[in-house]
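Where a number appears in this text, it was derived from the coordinates with a stated rule and is not lab data. Because the structure is a prediction, the values reported are computed rather than measured. Neighbour counts run over all protein chains shown; Cβ positions are idealised from the backbone, glycine included.
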């Protein structure tokens, strides 16, 4: 059965106070729409209590895009049906016939929100029994070959078979701006960590070749920012001017625990003194080997 929509989940946003949560959710939806517009993916977006439903005919491409949007913890291509028992049984049986044979085992994972006149356990028993009769597959609740998820929300039920991880974190743009000093892969990794915490970055690079790499990085993660070239890393007046123009609240550098020296500490002191902003060091507690591993994970090759 062909999925009709993508269930999009977020994590930390759900822990915020109601007003903040709604604000962050709106920014996340805006980021999704901007990314889809860039990729020319037609879509309709609906929301409901901790969920964002993305309706599109380009499911596979849309999933790959959503995985790169900060703030999204997981996505699931799904089928939407009415939440009455007959509709769920019919769809679950059709779904299962495509995936199961008598040699397979399966399990249902049912969650429910709202008032429907039945419990999640009722659904698991009744729908599960119908699947067994239709496929002759066995039930295995601990290590099944196939899992069918049924998420019931009021008068609708959503059925899906996978939860694809997202990038997580907070939506880009929910926090302030940081002036990002970039001269290597670790620099871009430091930027990635700040972006994952919701910060917009304003990159400064030391030459044109780095500018192209940073442009590619920003495009990959659906982030937009002007990129500045500051050829002398000690040009504190230029950095101050850029930070002021872009209304940055911090400066970020890529120093790790292996980089700590009198020179690096002097650079941090000078940045604080001349750029007049707090200096962030997101890689400070990470060793070089771990930094290299993480840069490869997110596809960085500077």
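At a Förster radius of 35 Å, what calculated FRET efficiency corresponds to the Cβ-Cβ distance of residue 262 and residue 219, to the nearest 0.05?
Working: r = 38 Å, r/R0 = 1.08.
Once rounded, the FRET efficiency stands at 0.40.
Of interest is the spacing of the C-alpha centroids, which for region 127-181 and region 1-17 amounts to 9 Å.
For region 246-293, which semi-axes, largest first and in whole Å, follow from the square roots of 5 times the eigenvalues of its Cα gyration tensor? Please report the intermediate quantities before stating the final value.
Details: eigenvalues 95, 37, 7 Å².
Over the Cα atoms of region 246-293, the ellipsoid semi-axes are 22, 14, 6 Å.
Across region 177-297 the C-alpha pair distances fall into 10 Å bins from zero in the proportions 14, 49, 34, 3 percent.
Helix 120-135 and the longest principal axis of the C-alpha atoms of the chain enclose an angle of approximately 70°. In this simple spin-label approximation, residue 93 and residue 105 carry label points 7 Å from Cα along the Cα→Cβ vector, and these lie 2.5 nm apart. Model label sites at residue 273 and residue 61, defined 7 Å from Cα along the beta-carbon direction, differ in position by 5.4 nm.
Scale the Cα Rg of the chain by the rule-of-thumb value 2.2 N^0.38 Å and send over the ratio, two decimals. Walk me through the numbers before you get to the answer.
Details: Rg = 23.9 Å, N = 302, 2.2 N^0.38 = 19.3 Å.
Against the empirical 2.2 N^0.38 Å value, I get 1.24 for the chain.
Fewest neighbouring Cβ atoms within 10 Å first, the residues 195, 85 line up as 85, 195. Relative to the longest principal axis of the Cα atoms of the chain, the long axis of helix 85-99 makes an angle of roughly 70 degrees. With contributions of -39500 (n - 2.57) from each DSSP H run of at least four residues, the per-residue ellipticity at 222 nm computed over the chain stands at -12000 deg cm²/dmol.
If one computes the Cα centroid of region 204-264 and of region 37-90, what distance in Å separates the two points? If you average the Cα positions of each part, the centres end up 36 Å apart.
The P(r) of region 84-154 has a tail past 19 Å containing 26 percent of all C-alpha pairs. Summary value for region 177-297: 30 percent relative contact order, contacts being C-alpha pairs under 8 angstrom separated by 6+ residues. Going from the fewest other Cβ atoms within 10 Å to the most, the residues 250, 174, 19 appear in the order 19, 250, 174. Note on residue 175 and residue 129: the extension gain reaches 11.7 nm, defined as 0.36 nm multiplied by sequence separation minus the Cα-Cα distance. Semi-axes of the equivalent ellipsoid of region 98-231 are 50, 18, 10 Å, computed as sqrt(5λ) over the eigenvalues of the C-alpha gyration tensor in descending order. Based on Cα contacts under 8 Å between residues 6+ apart, the chain shows a relative contact order of 16 percent.
Taking a ≥ b ≥ c as the square roots of the eigenvalues of the Cα gyration tensor, region 147-198 is oblate, since a/c reaches 1.5 or more and a/b is not larger than b/c. From a point 7 Å beyond the Cα of residue 82 in the direction of its Cβ, which residues of region 98-127 have a backbone N at a distance under 12 Å? What the label zone holds, given the 12 Å backbone N cut-off, is no residue at all. You can think of it this way: the chain between residue 68 and residue 39 has 9.2 nm of extra reach, that is 0.36 nm per residue less the Cα-Cα gap.
For a modelled paramagnetic label at residue 4, 7 Å from Cα along Cα-to-Cβ, the residues of region 56-72 in reach, with backbone nitrogen under 13 Å, are 56-57. Counting neighbouring Cβ atoms within 10 Å and putting the fewest first, the residues 2, 99, 46 line up as 2, 46, 99. Distance between the modelled labels on residue 18 and residue 154, one decimal in nanometres: 1.6 nm (7 Å Cα→Cβ projection). With all projection directions averaged, the alpha carbon convex hull of region 5-81 covers 4.7 nm².
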